[in-house]
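> Can you keep this structure in mind? I'll have questions shortly.
What follows is calculated from the coordinates using simple rules that are stated; it is not laboratory data. Note that this is a predicted model, so its numbers are computed, not measured. Methodologically, a virtual Cβ is constructed for each residue, glycine included, from the backbone with ideal geometry; neighbour enumeration extends over all protein chains shown.
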Amino acid sequence: MTITTLDAAGIAARIPHRGSMCLLASMSAWSAEGIVCHASGHRDADHPLRSGGLLHAACGVEYAAQAMALHGTLAAPPGTTPRPGVIASLRSVTLHVPRLDDIEGAIEVRVQRLAGDERQAQYAFTLQDAAARPLVEGRATVILDARP
């Protein structure tokens, strides 16, 4: 079966984040090269990443990280267990806005796998609003669990 879309429950079943920390509401497309997800809870007053009543744009990196994790589970070879990862490096991160909680409508989260092997993966990521205005973008290196 080829998965082409996922709702929040389908995403939560595939990544380690639970409850309100599962920030992605849906996935609309994916391939071996990347994934497109959407988030809609960024305006919630009880958002788990709010600080001082605000959801700072730097929190967009967590949205991208969850999209990378989802991509890793979907792109894993059939019959294998997806390997957990940790962000080891962020590069060229640009915050085009100061905060995300005042963005109208859904946020689109796009990640593109640039390179990788069984130990690491490199991704480019972009968050944008419904008008395709960039919000946060950058690159990340993810180190994958090397346990046998």
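> If I take R0 = 41 Å and measure r between the Cβ atoms of Asp44 and Gln122 in this structure, what FRET efficiency does the formula 1/(1 + (r/R0)^6) give, to the nearest 0.05?
Once the sixth-power term is evaluated, E becomes 0.85.
> For a quick check: sort Cys22, Cys37 by the number of other beta carbons within 10 angstrom, fewest at the front.
The fewest-first ordering by Cβ neighbours comes to Cys22, Cys37.
> Then there is this: How much length would be gained if the chain were fully extended between Thr5 and Ser26, taking 0.36 nm per residue of separation minus their Cα-Cα distance, in nm to one decimal?
Roughly 6.8 nm would be gained on extension.
> Follow-up question, since we're still on this one. Just Ala106, Ala39, Ala130 to compare: in a GNM of the chain, with alpha carbon springs under 10 Å, which one fluctuates most?
Ala130
> Take the Cα pairs of the range 36-82, get the Kirkwood Rh, then feed it into Stokes-Einstein at 37 °C and 0.692 mPa s and tell me D in µm²/s.
264 µm²/s
> Rounded to the nearest 500 deg cm²/dmol, what is the calculated helix-only ellipticity per residue at 222 nm for the chain, with -39500 (n - 2.57) per DSSP H run of length n ≥ 4?
That calculation yields -4000 deg cm²/dmol at 222 nm.
> What GluC sites (Glu not before Pro) in the range 17-115 are in a loop by DSSP, with at most 10 other Cβ atoms within 10 Å of the Cβ?
Counting only loop positions with at most 10 other Cβ atoms within 10 Å, the GluC sites (Glu not before Pro) in the range 17-115 are Glu104.
> Which whole-angstrom value gives the distance between the alpha carbon centres of the range 1-40 and the range 51-77?
10 Å
> Long-range amide H contacts for Gly34: which residues qualify at under 5 Å (H placed 1.01 Å from N, peptide plane, sequence gap of 5 or more or a different chain)?
Arg113
> Subtract the Cα-Cα distance of Asp145 and Glu104 from 0.36 nm times their separation in residues, and report this length gain in nm to one decimal.
Length gained between Asp145 and Glu104: 11.1 nm.
> Fewest to most neighbouring Cβ within 10 Å: what's the order for Met68, Met21? Before the final figure, lay out each step's value.
Working: Met68 23, Met21 14.
Going from least to most buried by this count: Met21, Met68.
> Continuing with this model, one more query. Taking 8 Å as the Cα distance limit and 6 or more residues as the minimum spacing, I'd like the relative contact order of the chain as a percentage.
On the way: 293 pairs, mean separation 34.1, N = 148.
In percent, rounded to a whole number, it is 23.
> Percentage of Cα-Cα pair distances in the range 6-144 greater than 19 Å, rounded to whole percent?
On the way: 4458 of 9591 pairs.
The proportion of pairs with Cα distances above 19 Å equals 46 percent.
> By counting other Cβ atoms within 10 Å of each Cβ, how are Leu54, Leu70 ranked from fewest to most? Kindly include the intermediate steps, with their values, before the conclusion.
Working: Leu54 15, Leu70 26.
Ascending number of Cβ neighbours within 10 Å: Leu54, Leu70.
> Could you work out how far helix 60-75 tilts from the main Cα principal axis of the chain, as a 0 to 90 degree angle to the nearest 10?
30 degrees
> Between Ala13 and Ile87, with labels modelled 7 Å along Cα→Cβ, what's the label distance in nm to one decimal, could you check?
Taking the simple label geometry, Ala13 and Ile87 are separated by 2.7 nm.
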